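A.B. asks: Dropping a structure here in C-alpha cells format, bear with me for questions.
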Amino acid sequence: MAVEMERPKDPRDLYHACGDDIVAARPVLTGDVYEHVTVIEADGSTREITAMVLGHPCSLRIDGVNLAPRLEVAEVMPVPGAQWNGCFNRMFLPAPFPQATGQVKACAAFFDLCYHVTPDQLQAGTRIACLNPFGINLYLQRRVKHFSRVDVATFKFQEANEHVYEEADLIEEWCLDREEDGLKALEATAECVAWLREVLPDGRRRQQLLEDKQTRSTVRREARAHLKAIRQQAQ
C-alpha cells in the first residue's frame with residue numbers, strides 16, 4: 001500500500017509548546033526553533049536567523065547531557081502558506097508558531113538552507129517553539145522525502161523514537177522538580193541521565209525499560225519515588 005504524505009488536522013497538533021509556554025528546563029530536541037541565532041556564511045560574514053534544530057535526538061548530545069559541538073540547523077523564513085501536499089524541501093510551521101500570522105501566512109524551515117552552529121550560538125538565541133512527537137515525526141517524514149523521495153509513514157518514526165520522546169519528557173519533569181531544590185537544569189539533567197543509565201540488578205538500564213511500552217510506567221513511578229527519597233534525605 002502506498003504511503004501518503006501527512007499533514008496536521010489542526011496546526012496546534014504540531015507543537016509541544018510555543019513562546020512563553022516553553023519550559024526552560026526542557027532538553028534541546030529535534031524540531032526546536034530558536035530566533036536570533038548568529039550563523040556564519042560561506043564568505044565569513046555573519047547574520048542572525050531563526051533556526052530549527054535538525055539532528056536526530058540521539059545525535060544532539062555526546063554523552064546524553066552536553067550538546068554536540070556542531071549542531072545542524074535549518075533557516076526558518078515566512079512563506080505564503082502551508083502547502084503540505086508538496087514543497088518537500090521544508091517543514092511548515094503555521095500558527096500558533098510565533099512568527100506565523102493567522103491561517104494565511106505560515107513559516108517554514110528549509111532543508112536546503114542549513115548551517116552548523118555551536119551550542120553557545122544556538123542557546124544565545126531564544127527558543128520560541130518545540131515540536132511534539134507528531135510534529136517531529138512529520139518533520140522527519142518530509143526530510144526523508146526531500147532527500148530520498150521515499151515515503152515513510154509517521155507512525156514508523158514514532159515506533160523508532162517513542163522511547164526518546166518519553167525520555168525527554170521525563171528529563172523535563174525531573175528538572176522542574178529538582179529546580180525547586182536549587183539545582184540548575186544541566187545539573188538536574190546529568191542526575192536524571194545517570195539514574196536512567198544505572199545498571200539494575202537484572203543487568204538492564206532504565207533507558208532500556210523506556211523502549212518497552214509495558215515498562216515505561218514503571219520507570220516513571222520509580223522516578224517519582226526516587227525524587228521523593230532525595231528530598232527526604234535532604235531534610
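The values are calculated or read from the model by the stated rules, or taken from the named source; none is laboratory data. Here the structure is a predicted model, which is why all the values come from computation and not from measurement. All Cβ positions, glycine included, derive from the backbone under ideal geometry; neighbour counts span all protein chains shown.
Yes/no per residue for (1) closer than 16 Å to residue 129 by Cβ; (2) among the acidic types (Asp, Glu):
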position	(1), (2)
29	yes, no
33	yes, no
43	no, yes
83	no, no
90	yes, no
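A.B. asks: Among the candidates 76, 65, which residue alone is in contact (Cβ under 8 Å) with a residue 12 or more places away in the chain, crowded, with 18+ Cβ neighbours inside 10 Å and out of contact with any Pro (no Cβ under 6 Å at 6 or more places or on another chain)? Quick ask: steps written out before the conclusion?
C.D. replies: Working: 65 fails: crowded, with 18+ Cβ neighbours inside 10 Å.
Sole residue among the options that is in contact (Cβ under 8 Å) with a residue 12 or more places away in the chain, crowded, with 18+ Cβ neighbours inside 10 Å and out of contact with any Pro (no Cβ under 6 Å at 6 or more places or on another chain): 76.
A.B. asks: Another question, if that's okay. Here are 37, 28: which of them is surrounded by 11 or more Cβ atoms within 10 Å (Cβ to Cβ), touching a strand residue (DSSP E or B) at 6+ places or on another chain (Cβ under 9 Å) and part of a loop (DSSP other than H, G, I, E, B)?
C.D. replies: Values: 37 fails: part of a loop (DSSP other than H, G, I, E, B).
When all the criteria are applied, what remains is 28.
A.B. asks: (1) surrounded by fewer than 22 Cβ atoms within 10 Å (Cβ to Cβ); (2) in the same structural domain as residue 196 (by TED's automatic domain parsing); (3) not β-branched (Val, Ile, Thr): which one isn't true of residue 167, the others all being true?
C.D. replies: (1)
A.B. asks: Give just the number: which of (1) in contact with a helix residue (DSSP H, G or I) (Cβ under 9 Å, 6 or more places away or on another chain); (2) modelled with pLDDT under 95; (3) in a loop (DSSP other than H, G, I, E, B) does residue 85 not satisfy?
C.D. replies: All conditions are met except number (1).
A.B. asks: Would you check which residues across the stretch 5-25 are within 29 Å of residue 148 (Cα to Cα) and touching a strand residue (DSSP E or B) at 6+ places or on another chain (Cβ under 7 Å) and list them?
C.D. replies: Scanning the stretch 5-25 gives 14, 15, 16.
A.B. asks: Exactly one of (1) closer than 22 Å to residue 52 by Cα; (2) in a helix (DSSP H, G or I); (3) not hydroxyl-bearing (Ser, Thr, Tyr) is unmet by residue 195. Its number?
C.D. replies: Evaluating residue 195 over (1) closer than 22 Å to residue 52 by Cα; (2) in a helix (DSSP H, G or I); (3) not hydroxyl-bearing (Ser, Thr, Tyr) leaves (1) as the failure.
A.B. asks: Under 6 Å between Cβ atoms, which residue pairs at least 6 apart in sequence (or on different chains) link something in the stretch 185-210 that is not assigned by TED's automatic domain parsing to the domain that holds residue 166 with a partner that is assigned to a helix (DSSP H, G or I)?
C.D. replies: Once the first residue is not assigned by TED's automatic domain parsing to the domain that holds residue 166 and sits in the stretch 185-210, no partner that is assigned to a helix (DSSP H, G or I) comes close enough.
A.B. asks: Of all residues in the stretch 23-55, how many are among the hydrophobic types (A, V, I, L, M, F, W, C), within 16 Å of the chain's Cα centre (by Cα) and under 27 Å from residue 83 (Cβ atoms)?
C.D. replies: Number of matching residues: 6.
A.B. asks: Right, next: Return yes when residue 176 is modelled with pLDDT under 95, aliphatic (A, V, I, L, M), outside the structural domain of residue 133 (by TED's automatic domain parsing) and under 23 Å from residue 209 (Cα atoms) and no when it is not. If you could, list the steps in order and put the result at the bottom.
C.D. replies: Details: modelled with pLDDT under 95: yes; aliphatic (A, V, I, L, M): yes; outside the structural domain of residue 133 (by TED's automatic domain parsing): yes; under 23 Å from residue 209 (Cα atoms): yes.
Here the answer is yes, as residue 176 does meet what is asked.
A.B. asks: What number of residues within the stretch 53-62 are in contact (Cβ under 8 Å) with a residue 60 or more places away in the chain and part of a strand (DSSP E or B)?
C.D. replies: Adding up the residues that qualify gives 1.
A.B. asks: I would also like to ask the following. Looking only at the stretch 134-149, how many residues end up being buried (at least 22 other Cβ atoms within 10 Å of the Cβ) and under 12 Å from the mean Cα position of the chain (by Cα)?
C.D. replies: Counting residues in the stretch 134-149 that are buried (at least 22 other Cβ atoms within 10 Å of the Cβ) and under 12 Å from the mean Cα position of the chain (by Cα) gives 5.
A.B. asks: May I pose another question? Quick test for you: out of 93, 113, pick the one residue that is of a type outside the set (Lys, Arg), in contact with a strand residue (DSSP E or B) (Cβ under 6 Å, 6 or more places away or on another chain), more than 30 Å from residue 187 (Cα to Cα) and in contact (Cβ under 8 Å) with a residue 60 or more places away in the chain.
C.D. replies: Values: 113 fails: in contact (Cβ under 8 Å) with a residue 60 or more places away in the chain.
One residue alone meets the criteria, 93.
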